Amino acid sequence: MTIQVYRGVLSEKVCKKLYDKIVYRPKWLLGNSSVPEDKVGKFAGRPLGQRNEYDDGPETYWEALLDTISTRHQAITGEELPTNLLRCMLNAQNQSNVTKPHIDSPVKGAMSVLGMLTPDWDPDWGGEFVIDGQEIPYEAGKFIVFPAGLEHYGKSPNQKTPRWRTTLNYILWPDEAVEADYERHIAERRGDV
């Protein structure tokens, strides 16, 4: 499985509506980290669902969006994405938030989907997504599908910006990994293992 980049999954107009809805909603975790033991690299995160359950309310939109991405991915690559949701999370960074290189899951066959949601993003602000030695420019409506075991991170904006750099991240697991590996994954994320 290779890295697939899909531009224009969401229009700029839809990104503007989503951005305004997501940044002004409660329930953001301000001490989120991509590496559990990291005490410096914190950014804002907002869980939308886990273990095949999405939060009630408008978050069912995120489930329909994943279906759209999965359908496009299968049409282009001939490969189906796993259907078990480990986690769906919104992330937000400003220039002082650092995301460290990390993997989303060591589970064989697990896949990640990362979406770029901030509208009107100026490329001069940086915020690239770095994976497997590739820098992918931040662009509203772009989604990236990749094996969850590939090391990656999102660069912070390189200057003060009028908007947060927001991303949506799904982690999907194959059927055979769901129950046994979920508890281990949670323990690893907490630093218990």
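Nothing in this text is a laboratory measurement; each read-out follows from the coordinates by a stated rule. Since we're looking at a predicted model, the values are computed, not measured. Don't worry about glycine lacking a Cβ; one is built from the backbone with ideal geometry, like all the others, and counts go over all protein chains shown.
Quick check: net charge around residue 149, other residues with Cβ under 9 Å of its Cβ, Lys/Arg +1 and Asp/Glu -1? Display every interim value, and only then the final one.
Working: positive: 108; negative: 104, 151.
The answer is -1.
With labels modelled as points extended 7 Å from the Cα through the Cβ direction, what inter-label distance (nm, one decimal) is found for residue 12 paired with residue 132?
3.0 nm
Report the local net charge at residue 73: Lys and Arg +1, Asp and Glu -1, summed over other residues whose C-beta lies under 9 Å from its C-beta.
-1
May I ask for the net charge around residue 123, where only other residues with Cβ less than 15 Å from the Cβ of residue 123 are counted and Lys, Arg are +1 while Asp, Glu are -1?
Local charge sum for residue 123: -2.
Residue 67 to residue 3: extension gain in nm, 0.36 nm per residue of separation minus the Cα-Cα distance?
On the way: separation 64, 0.36 × 64 = 23.04 nm, distance 1.82 nm.
Length gained between residue 67 and residue 3: 21.2 nm.
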